[in-house]
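Data block below; observations after.
The values are calculated or read from the model by the stated rules, or taken from the named source; none is laboratory data. All values derive from a computational prediction rather than experimental measurement. Glycine gets a Cβ as well: all are built from the backbone with ideal geometry, and neighbour counts include every protein chain shown. The area values use the complete protein model at the heavy-atom level, side chains included, leaving out ligands, DNA and RNA. Shrake-Rupley method; radii C 1.70, N 1.55, O 1.52, S 1.80 Å.
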Amino acid sequence: MREDVRILLVGEPKVGKTSLIMSLVSEEFPEEVPARAEEITIPADVTPERIPTHIIDYSASEQTDDELQDEINRANVVCVVYDVNKESTIKKIQSKWIPLVNGRTEKGNRIPVILVGNKSDLQGASSMETILPIMNQFMEIETCVECSAKNLKNISELFFYAQKAVLHPTAPLYNPEDKQLKPSCVQALTRIFNISDLDNDEILNDTEMNFFQKYCFKNPLSAQALEDVKTVVWKNMSDGIQDDGLTLSGFLFLNMLFIQRGRHETTWTVLRKFGYDDTLELTDDYLHPPFTAYLDVHRCIEYFGYLGYTTIMEQESQTAAITVTRSKKLDLEKGQTQRNVFLCKVIGLKGTGKTAFLQAFLGRSLKMQSEMGRDVSDFTINTVQVNSQDKYLIVSKTSDEGLISKQQ
Ligand SMILES: Nc1ncnc2c1ncn2[C@@H]1O[C@H](COP(=O)(O)OP(=O)(O)OP(=O)(O)O)[C@@H](O)[C@H]1O
């Protein structure tokens, strides 16, 4: 998750940018405002998503074009404010502000934009009819909101939408042009579906759906909610429901529906719970929880991650699969150990019989070995009885001459 959110307000002079910020802060309409408000930081505990949020004002009378560009580059989301009663300020959204914000940015990296129609208190008719074609033209526009700094209508909502556009972005999930989930999102959701399909029958039954729901959102669905979900899918997709359970197509459809209805946070909660970051890559924290040991524990934990260990075993982190024992030195001092797994290195020059030794540990005679060929692992593992307890011994061979001479 990101550490903070920077919201920048831009727009034509006198549309009410400063007034909107001051109304949010003081919860009343300021009769007098400075040309530009100081940058304000809303602490994490009073923002809906619990992330510190900076709000930055812009005023052409106070700032140069370079300073404005600098602020645009630092922003995570830009609110383009217009006056709902002044057509000229709406026209400038297309001709000036969106090109300024994203004109030089590649399609996938565009800064999300919120259109903010202020002064709805003075308004005759809604500006939505004029705004909708602009929203269809620029895919980076996440949403639009009509509000009033004067009677405080939709002020906190506007900052909430802005915060949401950053924390739960549409761009990595959904392509509004063809109205489809993006391939990387389909790939991630398919992995999630497969992990949640505990009996591998390619259908999420009620138990599996509840398991998934509890893992992602802490609470199971009520029986009625479960039926409602299935009905919505069934009504929209012939192959979305099979044997009274959700198919992969149904699962993908459901997530697309959340996104199309502006509930990206639902899909993002699921994706984050299964380890994905904003670019839909599995995070390093998820794949490699801080841990080291002498075998390749990192790789092992990574595989646990791909296989969904935390979900299936209902654990917070992959590290729950690993038991850390006390140091070898202490074990030797006490003459006791809690360890169940031991590593033994077999060293010797090439041709001295290390491979045969390792294979014999698995009970394979020289004859069996010659039938198997030479393409065998440098590791073998077997159980050994120590004081009538089963212990595991990993035997690994090396013919690294440098290491051998060091050991000598
Ligand atoms: N909702 C509203 N209803 C009526 N008047 C408003 C409203 N919001 C702002 N105003 C008035 O509009 C004028 C311009 O407001 P403000 O200075 O906040 O705009 P601005 O966009 O910050 O301007 P600039 O870019 O020039 O700094 C002020 O007189 C303010 O009182």
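Test Gly275 against the criterion of being modelled with pLDDT of 90 or more, surrounded by 13 or more Cβ atoms within 10 Å (Cβ to Cβ) and within 30 Å of Pro169 (Cα to Cα), and give yes or no. Yes; evaluated as a whole, the condition is true for this residue.
Of all residues in the range 214-250, which are hydrophobic (A, V, I, L, M, F, W, C), more than 18 Å from the chain's Cα centre (by Cα) and not in a loop (DSSP other than H, G, I, E, B)?
Scanning the range 214-250 gives Ala223, Ala225, Leu226, Val229, Val232, Val233, Trp234, Ile241, Leu246, Leu248.
I'd like to check something: does the range 73-91 contain any residue that is away from the ligand (no atom under 16 Å from the Cβ), hydrophobic (A, V, I, L, M, F, W, C), open to solvent by less than 30 Å² (accessible area, probe 1.4 Å) and more than 20 Å from Ser120 (Cβ to Cβ)? For the range 73-91, residues away from the ligand (no atom under 16 Å from the Cβ), hydrophobic (A, V, I, L, M, F, W, C), open to solvent by less than 30 Å² (accessible area, probe 1.4 Å) and more than 20 Å from Ser120 (Cβ to Cβ): present.
How many residues, within the range 54-82, are within 28 Å of the chain's Cα centre (by Cα) and either among the aliphatic types (A, V, I, L, M) or over 17 Å from Cys147 (Cβ atoms) (or both)?
13
Within the range 55-72, the set of residues being in a loop (DSSP other than H, G, I, E, B), acidic (Asp, Glu) and crowded, with 17+ Cβ neighbours inside 10 Å comprises Asp57 only.
Put simply, of Ser396, Ser365, Ser377, Ser317 the only residue that is surrounded by 11 or more Cβ atoms within 10 Å (Cβ to Cβ), closer than 30 Å to Tyr276 by Cβ and among the hydroxyl-bearing types (Ser, Thr, Tyr) is Ser317. Within the range 44-54, none of the residues are open to solvent by less than 10 Å² (accessible area, probe 1.4 Å) and under 18 Å from Ser120 (Cβ atoms). In the range 118-156, of all residues being assigned to a loop (DSSP other than H, G, I, E, B) and polar (S, T, N, Q), the one that is nearest to the ligand (Cβ to nearest atom) corresponds to Asn151.
Name every residue in the range 86-136 that is among the polar types (S, T, N, Q), farther than 20 Å from Lys164 by Cβ and either in contact with a strand residue (DSSP E or B) (Cβ under 6 Å, 6 or more places away or on another chain) or at pLDDT 95 or above (or both), in order of residue number. Once the filter is applied, which keeps residues that are among the polar types (S, T, N, Q), farther than 20 Å from Lys164 by Cβ and either in contact with a strand residue (DSSP E or B) (Cβ under 6 Å, 6 or more places away or on another chain) or at pLDDT 95 or above (or both), the range 86-136 yields Ser88, Thr89, Gln94, Ser95, Ser120, Ser127. The number of residues in the range 38-64 that are more than 16 Å from the ligand (Cβ to nearest atom) and in contact with a His (Cβ under 9 Å, 6 or more places away or on another chain) comes to 3.
Check whether at least one residue in the range 25-34 is within 29 Å of the chain's Cα centre (by Cα) and within 16 Å of the ligand (Cβ to nearest atom), and report yes or no. No, because not a single residue in the range 25-34 is within 29 Å of the chain's Cα centre (by Cα) and within 16 Å of the ligand (Cβ to nearest atom).
Set side by side, the residues Phe193, Phe159 differ, and just one is outside any loop (DSSP other than H, G, I, E, B) and either among the acidic types (Asp, Glu) or modelled with pLDDT of 95 or more (or both), which is Phe193. Of everything listed in (1) within 30 Å of Asp285 (Cα to Cα); (2) within 8 Å of the ligand (Cβ to nearest atom), the single unmet condition for Thr18 is (1). Checked against (1) under 30 Å from Thr279 (Cβ atoms); (2) part of a helix (DSSP H, G or I); (3) among the basic types (Lys, Arg), Arg50 passes all but a single condition, namely (2).
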